[in-house]
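Undergrad: Pasting in a structure now, in structure tokens, and then I'll have a few things to ask.
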């Protein structure tokens, strides 16, 4: 997690360990699925796991290869998201830079700013949150989404909004 403080301005980048944790979770899930199938349903496991190859060792190598490919994909996704997203939070505005060409969205922090958070299970376990910023109460879609930032950033952002004069 890269966070820099320049006066009252925070520079926040997405938390890349989320993607690695997702890969670990997927690997553990497939391993448990495989073990459950071989333990409780040997005939079904024989059809789905063992008919793919002739030996048991090939199945283990295939599962290891799936986990390794998952980690490579998680690494590429994490580095891409961190490279393409940058968030600057100050007392009067939030600057969101997203995309290859760093398209910049400036959202003023005022009384009409709606700040919502969303978490999935992995986000919750890692203490992360996705923050949706909606200016002027337009409920069609959020102006910006801050991906996989720590919950303290959400708390800091809501505190800055509360401390701000609304009019």
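The values are calculated or read from the model by the stated rules, or taken from the named source; none is laboratory data. Keep in mind the model is a prediction, meaning the values are calculated, not measured. With ideal geometry, Cβ positions are generated from the backbone for all residues, glycine too; neighbour counts draw on all protein chains shown.
Undergrad: Starting from residues that are without any contact (Cβ under 8 Å) to a residue 60 or more places away in the chain and assigned to a strand (DSSP E or B), keep the ones in the stretch 57-98 and report whichever is farthest from residue 162 (Cα to Cα).
TA: The qualifying residue farthest from residue 162 (Cα to Cα) is 98.
Undergrad: Could you list, in sequence order, the residues of the stretch 122-139 that are at pLDDT below 85, over 13 Å from the mean Cα position of the chain (by Cα) and not in a loop (DSSP other than H, G, I, E, B)?
TA: Those that are at pLDDT below 85, over 13 Å from the mean Cα position of the chain (by Cα) and not in a loop (DSSP other than H, G, I, E, B): 135, 136, 137.
Undergrad: For residue 123, only one of the following conditions fails: (1) more than 23 Å from residue 8 (Cβ to Cβ); (2) without any contact (Cβ under 8 Å) to a residue 12 or more places away in the chain; (3) in contact with a strand residue (DSSP E or B) (Cβ under 8 Å, 6 or more places away or on another chain). What is its number?
TA: Condition (2) is where residue 123 drops out.
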